[in-house]
Amino acid sequence: MKNFIAINGSPRKNWNTAELLKHAMKGAADAGASTELINLYALNFKGCTSCFACKLKSRPHGSCAMKDDLSPVLEKIKAADAVVFGSPIYFMNLSAGMIAFFERLFFSNYIYSDEIPTVFPKKLPSAFIYTMNMTEKHFEFFNMKERLGMYEGTAHRILRVAPKILCAFDTVQFKDYSRYESSIFDAEKKFAYKEKHFPEDCKAAYDIGRDLILK
Ligand SMILES: Cc1cc2nc3c(=O)[nH]c(=O)nc-3n(C[C@H](O)[C@H](O)[C@H](O)COP(=O)(O)O)c2cc1C
């Protein structure tokens with residue numbers, strides 16, 4: 001049986017990012033895989049501390065020497081058949097938890113060599129699922145494709161396969177906008193957008209999960 005891992009880079013366990021990840025997991029499960037959801041913000045871990053143990057000639061490459069709650073997760077990813085990374089956009093970037101996770105995963109599988117682009121042991125199909133307040137128009141205006149492309153390009157290099165990408169725009173952030181200082185948003189429009197588009201995003205996430213396992 002194939003093994004599918006979903007990484008939630010949102011601190012919220014039941015909101016937009018988690019929901020899309022759960023649809024990707026359902027797609028993978030329907031394609032015959034076992035699935036696991038890992039909530040990064042439930043773990044106690046740090047980003048890379050620049051110890052360079054992973055670059056030592058005297059030590060096998062491809063594993064992070066830091067020992068914390070992320071250590072078993074990094075091992076699980078090595079054993080997985082497909083992985084999906086979900087992150088909310090925070091200040092035009094991935095969430096801090098997701099960046100810290102990528103530092104550990106990608107840097108430990110990278111050595112300073114042009115001849116050896118990755119020491120990750122196999123091809124690992126992956127996908128990035130992003131959720132954000134901004135509209136598709138703002139996403140283009142702020143050149144987000146290029147910004148996020150840096151992480152996607154690193155995933156391609158290290159995991160040896162180009163990742164699939166899904167963007168969920170204009171997400172609903174609060175159940176009740178009237179309780180929060182949030183005058184830049186038109187809550188009615190937000191909920192109307194969600195009703196029309198979020199089911200399409202969920203379907204796209206499902207297809208990604210299924211295709212990562214079937215192809
Ligand atoms: C700290 C913080 C920073 C954010 N920065 C941005 C941003 O720069 N651009 C954007 O479109 N949305 C931004 N958002 C909104 C989230 O990306 C959006 O609500 C997302 O869907 C949250 O995911 P979740 O529902 O899974 O937690 C930010 C939210 C937070 C909490």
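The numbers here are math on the coordinates, done by the rules we state, and not lab data. Only a predicted model underlies this, so the values are computations on that prediction, with no experimental measurement involved. When we count neighbours, we look across all protein chains shown, and the Cβ atoms used for this are built from the backbone with ideal geometry, even at glycine.
Check whether at least one residue in the stretch 129-150 is more than 9 Å from the ligand (Cβ to nearest atom), closer than 28 Å to Phe198 by Cβ and assigned to a loop (DSSP other than H, G, I, E, B), and report yes or no. Before the answer, list the steps.
Pass one, the stretch 129-150, residues more than 9 Å from the ligand (Cβ to nearest atom): 129, 136-137, 140-141, 143, 145-150.
Then drop every residue that is not closer than 28 Å to Phe198 by Cβ, which leaves 129, 136-137, 140-141, 143, 145-150.
Remaining after also requiring assigned to a loop (DSSP other than H, G, I, E, B): 143.
Yes: one or more hits.
Out of Glu140, Glu152, report the one residue that is under 21 Å from Asp201 (Cα atoms), among the acidic types (Asp, Glu) and out of contact with any Phe, Trp or Tyr (no Cβ under 9 Å at 6 or more places or on another chain). Spell out how you get there, then give the answer.
Working: Glu152 fails: out of contact with any Phe, Trp or Tyr (no Cβ under 9 Å at 6 or more places or on another chain).
On inspection, the qualifying residue turns out to be Glu140.
Residues of the stretch 5-51 being away from the ligand (no atom under 16 Å from the Cβ), closer than 20 Å to Phe102 by Cβ and over 13 Å from the mean Cα position of the chain (by Cα), which ones? Talk me through it step by step, then tell me what you get.
Looking only at the stretch 5-51, we keep the residues that are away from the ligand (no atom under 16 Å from the Cβ), and these are 5, 26-36, 43-51.
Checking which are closer than 20 Å to Phe102 by Cβ leaves us with 5, 36, 43-51.
Glu36, Leu43, Asn44, Phe45, Lys46, Gly47, Cys48, Thr49, Ser50, Cys51 - these are the residues of the stretch 5-51 that are away from the ligand (no atom under 16 Å from the Cβ), closer than 20 Å to Phe102 by Cβ and over 13 Å from the mean Cα position of the chain (by Cα).
For the stretch 75-86, how many residues meet the condition of being closer than 17 Å to Ala18 by Cβ and in a loop (DSSP other than H, G, I, E, B)? Before the answer, list the steps.
Initially, the stretch 75-86 is screened for residues closer than 17 Å to Ala18 by Cβ, giving 83-86.
Add one more test, that the residue is in a loop (DSSP other than H, G, I, E, B), and what stays is none.
The total comes to 0.
If I filter the stretch 87-112 down to residues being buried (at least 21 other Cβ atoms within 10 Å of the Cβ) and over 14 Å from Thr17 (Cβ atoms), which single residue comes out as nearest to the ligand (Cβ to nearest atom)?
Result: Phe102.
Anything in the stretch 197-210 that is over 10 Å from His23 (Cα atoms) and surrounded by 17 or more Cβ atoms within 10 Å (Cβ to Cβ)? List them, or say none.
Once the filter is applied, which keeps residues that are over 10 Å from His23 (Cα atoms) and surrounded by 17 or more Cβ atoms within 10 Å (Cβ to Cβ), the stretch 197-210 yields only Phe198.
If only one of Phe191, Phe128, Phe142, Phe169 is more than 30 Å from Met66 (Cβ to Cβ), touching a residue at least 12 places away in the same chain (Cβ under 8 Å) and touching a strand residue (DSSP E or B) at 6+ places or on another chain (Cβ under 9 Å), which one is it?
Values: Phe191 fails: touching a strand residue (DSSP E or B) at 6+ places or on another chain (Cβ under 9 Å); Phe128 fails: more than 30 Å from Met66 (Cβ to Cβ); Phe142 fails: touching a strand residue (DSSP E or B) at 6+ places or on another chain (Cβ under 9 Å).
Residue meeting the stated conditions: Phe169.
Kindly indicate whether any position in the stretch 186-209 is part of a loop (DSSP other than H, G, I, E, B) and away from the ligand (no atom under 13 Å from the Cβ).
Looking only at the stretch 186-209, we keep the residues that are part of a loop (DSSP other than H, G, I, E, B), and these are 186.
In the following step, the residues that additionally are away from the ligand (no atom under 13 Å from the Cβ) were identified as 186.
Yes, the stretch 186-209 has at least one match.
For the stretch 160-180, what are the residues that are surrounded by fewer than 18 Cβ atoms within 10 Å (Cβ to Cβ) and more than 10 Å from the ligand (Cβ to nearest atom)?
Answer for the stretch 160-180, where residues must be surrounded by fewer than 18 Cβ atoms within 10 Å (Cβ to Cβ) and more than 10 Å from the ligand (Cβ to nearest atom): Arg160, Val161, Ala162, Ile165, Lys175, Asp176, Tyr177, Ser178, Arg179, Tyr180.
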